[in-house]
1. If you scan the stretch B:156-170, which residues turn out to be of a type in the set (A, V, I, L, M, F, W, C), in a helix (DSSP H, G or I) and in contact (Cβ under 8 Å) with a residue 40 or more places away in the chain?
2. All but one of (1) surrounded by fewer than 17 Cβ atoms within 10 Å (Cβ to Cβ); (2) within 10 Å of another protein chain (Cβ to nearest Cβ) hold for A:Asp72; state the number of the condition that does not hold.
3. Quick one: which residue in B:Ala186, B:Ala200 is more than 22 Å from B:Ser64 (Cβ to Cβ) and hydrophobic (A, V, I, L, M, F, W, C)?
4. Say whether the condition of being free of Cβ contacts under 8 Å to residues at least 40 places away in the same chain, in a helix (DSSP H, G or I), more than 7 Å from chain B (Cβ to nearest Cβ) and crowded, with 21+ Cβ neighbours inside 10 Å is met by at least one residue in the stretch A:116-125.
5. What number of residues in the stretch B:193-225 are assigned to a helix (DSSP H, G or I) and farther than 19 Å from B:Ala295 by Cβ?
6. Can you pull out every residue in the stretch B:205-215 that is crowded, with 23+ Cβ neighbours inside 10 Å and either of a type in the set (Lys, Arg) or modelled with pLDDT of 90 or more (or both)?
7. Could you please give the count of residues in the stretch A:175-202 that are assigned to a helix (DSSP H, G or I) and under 18 Å from A:Trp131 (Cα atoms)?
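The values are calculated or read from the model by the stated rules, or taken from the named source; none is laboratory data. As the structure is a prediction and not an experimental result, all values here were calculated from the model. Please note: Cβ atoms are built from the backbone with ideal geometry, for glycine as well, and neighbour counts cover all protein chains shown.
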Amino acid sequence: MNDRPAEIVKFDNVGLRYGTDPEVLSNLSFTLYPGSFYFLTGASGAGKTSLLKLLYLAQRPSRGAIRMFGQDLITMPRERLPDLRRRLGVVFQNFRLVPHLTAFDNVALPLRLAGADEKRVVKAVSDMLDWVGLSHRAHAIPAAMSGGEQQRVAIARAVIARPKMLIADEPTGNVDPDMALKLLRLFEALNHRVGTTVVVATHDVHLLKKVPDSLIMRLNKGQLSDPTGALRYPPRPAMTTGGGA
Amino acid sequence: MNTPPLMPEAGEEETFADSRGKAAARLLPPTRFAGPIPWVIAILIALVVIAAAGGLALRNLATSAQADLSSAVTVQVIEANPDLRAIRGEAAVRVLTAIDGVQAVRLVPEAELAALLEPWLGAGAANGDVPIPALIDVEFTRSAGPDEIARIEAALAQTVPGARVDAQSDWLRPVFGALAALQWLALGLITLVALATAAAVWLAARNAFAGARDTVEIIHLLGATDRQISAVFLRTVLREAAFGALVGTALGAAAVWLLGQQFAALDSGMVGGGGLRLIDWLVIAAVPLAGVLIALLTARITIALALKAML
């Protein structure tokens, strides 16, 4: 762990606007630390998805500075961004599964992009589909799957390459409460046992209470508040709170 | 819940980042150019093949004609009195034969001259009513330049007064100029068709990219490099451009062969010099390769620009 960065992500006075519209995110300054579990909350339109886009490198900020894995994103040439993206796992709000690929091939995508040996890919993807209960749907394309099944495929795709940081945008929005809890437990397992930093965006305040060690970032009209002190201090077991909202 | 069955962790600094991903071909849907594009490429390549073959044939024709004519001169003995004209013609042949570097001298028979002129002068060309100069074809062992012509004129001046010496290539100078213009026209046509090919591929690549944009964005965000994404598109471009190039080459070559047969049937000495040689066919064979290269280069630039618009 010695050569790991002290923080995974550091935002410094970041703002984001689309075109000439007013800023949707303003003056964001915070730090995400390795191995922590963060909830990002806020009403619809508060800017959660925009902040996540900055985190999963779909967008550059309009102003400010961002460091990720110890590297300056503002000055980084775009040719080096795939390297960083491969350290992230992303569950998109509407899953964004590749429509022409089967569940198996969708889950295999990150590994194949990384050039993993195909035998290892087959083994890992089979195990992962088994783990999310979709072995019997391995050859189904997204259009033939239910919303919950697509959700699980999206999550399996996000975690299979053992990301350093998992970013999930409303990951429980399309599943029943039991499945939502099961998915949260999956994120917790990744966080606790693998050390993955987890950022989950949700507007479901009840969900926050389900993960005891989580830290909460609240967005309101593009500005962050910090009810658990997550943005001010490195997380410590003694200070972490669950359901602090 | 148990720990998910993840891939074994890569080395701390490894994270698969440097791998190019051999399975990239499966990442994108089987993208296809808009339906007619391979056929458009085929037509354009066929036009280039025909234009290139035409240009090469014209070059060969001009080169062959110039080679044939550059060593030949024509001596006209202009004399109204037919007897005196015949005597002076014989004398001119003797003088010309003695000149160093002359390979062959031929006094064109009067009957042959009359036959040549008969379409224009009618029967009067043969009955002697119209005085026709005696013509002597002289062939040198080397190119007959102004020095040789001056030498012939000097040698004939005393023996055959009124003899006129012309380099045969001078007569065809306007024809050579026209042939050169046609060659430039062929080159211009080839350039325009190459640009049209690039434009067609550019449009097709843009459409193919737009059709797969959602998938490209997802894969891009999952860590695909520009190189991986481009490779998939370029594989499609290569396949379809190669198909179009092969069909176009076959069509063009067939047209060239048919035209060659038609011109060969003319049995004309000058046209006979306009055939295609092995080196010419090799140049024509390079046309589809160049077409595929242009298509690949254009598609590569188009896709690279489209990807650059994404972060």
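1. In the first step, residues of the stretch B:156-170 are kept if they are of a type in the set (A, V, I, L, M, F, W, C); the result is B:156-157, B:160, B:163, B:165, B:167.
From what is left, the residues that are in a helix (DSSP H, G or I) are B:156-157.
The one that is of a type in the set (A, V, I, L, M, F, W, C), in a helix (DSSP H, G or I) and in contact (Cβ under 8 Å) with a residue 40 or more places away in the chain: B:Leu156.
2. Condition (2) is where A:Asp72 drops out.
3. On inspection, the qualifying residue turns out to be B:Ala200.
4. yes
5. Number satisfying all stated conditions: 9.
6. Selection gives nothing.
7. 17
Per-residue answers, yes or no, for (1) assigned to a loop (DSSP other than H, G, I, E, B); (2) surrounded by fewer than 19 Cβ atoms within 10 Å (Cβ to Cβ); (3) under 16 Å from the mean Cα position of the chain (by Cα):
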{"site": "B:Ala241", "(1), (2), (3)": "no, no, no"}
{"site": "B:Thr249", "(1), (2), (3)": "no, no, yes"}
{"site": "B:Val256", "(1), (2), (3)": "no, no, yes"}
{"site": "B:Leu259", "(1), (2), (3)": "no, yes, yes"}
{"site": "B:Leu289", "(1), (2), (3)": "no, yes, yes"}
{"site": "B:Leu293", "(1), (2), (3)": "no, yes, no"}
{"site": "B:Leu297", "(1), (2), (3)": "no, yes, no"}
